[in-house]
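The values are calculated or read from the model by the stated rules, or taken from the named source; none is laboratory data. Small disclaimer: the values here were computed from a predicted structure and weren't measured. Note: ideal-geometry Cβ built from the backbone for every residue, glycine included; neighbour counts use all protein chains shown. Side chains included, ligands, DNA and RNA excluded: accessible areas come from the protein's heavy atoms. Shrake-Rupley method; radii C 1.70, N 1.55, O 1.52, S 1.80 Å.
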Amino acid sequence: MATAANADALTDQIAPTCKLRVAIAISPAGGAFWSTRTASGYAGVPVDLGREMAAQLGVPVEYVVHQNSGQITDTAAKQTWDVTFLPKDAERETKMSFGPIYEVADATYIVKPGSAITNFAALDQDGVKVAAVNATTTMRGAIAHLKHAKVTGYQTYDEIFNLLNNGEIDAFALSRDQLNAMARKIPGTRVLDETFKQTVTAVAVPLDHPLAAAFVTKFMTQAIANGTLRKAYDNNGLKDTPVRTEVK
């Protein structure tokens, strides 16, 4: 009886609608945090992890789509999603409870086609326009890093992609793997060699959900150890990407 009661209490907290609502953010490039739209729904590491988590709970999964991690953060207290996988920082820790880190990404900049900028010193000049996805850990990091260049937030990856492709901005701040994928689609761009920040990505639930927080922490610890996370990487174009769980 106690076990059944505990299971019911967990389900009431982590899946109050009798579905596991997984908040995801969409970009064309995908990756360990971003997901993509497909003909049949969605794909991505968070998609696979959410599906596996729902299966362990014995409930259906539902994906709640957002444009970026900032939008997910802004809705943390609105009870519109139950679990998410997103970059962690001190500001977000005031709005949600995080479990284990499952990705460490190096953040840098990509510069527009034909740009003469080759390093951070050349980038950080008055009049240089740098874009970032609005209200994200990378945007906050870029603002702290750049003393002269102007950082502007935009809601979607697609919007920034088009601005960069058209030469309307000088650079875009994001994780290196995402920018390398972008560089392959926009000839003449360059991803700078330096790194200004390491962004860590982790599973998270809204605040004041202790049973849910304990469950997702156990889930991710096991997923890292038993190969579930590695399989999610491999299924989503990241076979050559190592699983990084600690900041060096």
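Before we move on, is G127 under 30 Å from Q13 (Cβ atoms), at pLDDT 95 or above and not basic (K, R)? Against the criterion (under 30 Å from Q13 (Cβ atoms), at pLDDT 95 or above and not basic (K, R)), G127 does not qualify. Taking T241 as the residue in question, decide whether it is part of a loop (DSSP other than H, G, I, E, B) and either in contact with a strand residue (DSSP E or B) (Cβ under 6 Å, 6 or more places away or on another chain) or of a type in the set (D, E, K, R) (or both). Considered against the rule, which asks whether it is part of a loop (DSSP other than H, G, I, E, B) and either in contact with a strand residue (DSSP E or B) (Cβ under 6 Å, 6 or more places away or on another chain) or of a type in the set (D, E, K, R) (or both), T241 comes out as no. Using the structure shown, decide if L238 is touching a helix residue (DSSP H, G or I) at 6+ places or on another chain (Cβ under 6 Å) and surrounded by fewer than 20 Cβ atoms within 10 Å (Cβ to Cβ). Here the answer is no, as L238 does not meet what is asked.
Criterion applied to E103, E159, E93 was being acidic (D, E) and crowded, with 17+ Cβ neighbours inside 10 Å, and the one residue passing it is E103.
State whether the residues of the range 19-37 include one that is open to solvent by 20 Å² or more (accessible area, probe 1.4 Å) and within 18 Å of A212 (Cα to Cα). Yes - at least one qualifying residue is present in the range 19-37. Look at the range 115-130: where a residue is within 11 Å of E194 (Cβ to Cβ) and a partner is in a strand (DSSP E or B) and open to solvent by 30 Å² or more (accessible area, probe 1.4 Å), sitting 6+ places away or on another chain with Cβ atoms under 9 Å, you get T118/R190. Look at G58 and say whether it is within 26 Å of F161 (Cβ to Cβ) and among the small types (G, A, S). When the stated conditions are applied, G58 does not pass them. Here G153 meets the list (1) crowded, with 16+ Cβ neighbours inside 10 Å; (2) touching an Asp or Glu at 6+ places or on another chain (Cβ under 8 Å); (3) not acidic (D, E) almost entirely, failing just condition (2). Residues of the range 68-94 that are in a loop (DSSP other than H, G, I, E, B) and either of a type in the set (S, T, Y) or within 11 Å of the chain's Cα centre (by Cα) (or both): N68, T75, T80. I117 fulfils the conditions (1) open to solvent by less than 10 Å² (accessible area, probe 1.4 Å); (2) in contact with a Lys or Arg (Cβ under 9 Å, 6 or more places away or on another chain) except for a single criterion, (1). Scanning the range 175-199 for residues that are at pLDDT 95 or above, buried (at least 18 other Cβ atoms within 10 Å of the Cβ) and either touching a Pro at 6+ places or on another chain (Cβ under 8 Å) or at positive phi (or both) yields a total of 1.
For A76, the conditions (1) touching a residue at least 24 places away in the same chain (Cβ under 8 Å); (2) open to solvent by 10 Å² or more (accessible area, probe 1.4 Å); (3) aliphatic (A, V, I, L, M) are fulfilled apart from (2). A single entry from A232, A202 fulfils the requirement of being surrounded by 14 or more Cβ atoms within 10 Å (Cβ to Cβ) and touching a strand residue (DSSP E or B) at 6+ places or on another chain (Cβ under 8 Å): A202. Among the numbered criteria (1) open to solvent by 40 Å² or more (accessible area, probe 1.4 Å); (2) touching a residue at least 40 places away in the same chain (Cβ under 8 Å); (3) farther than 20 Å from F215 by Cα; (4) part of a strand (DSSP E or B), which one does E62 miss? For E62, the exception is condition (3).
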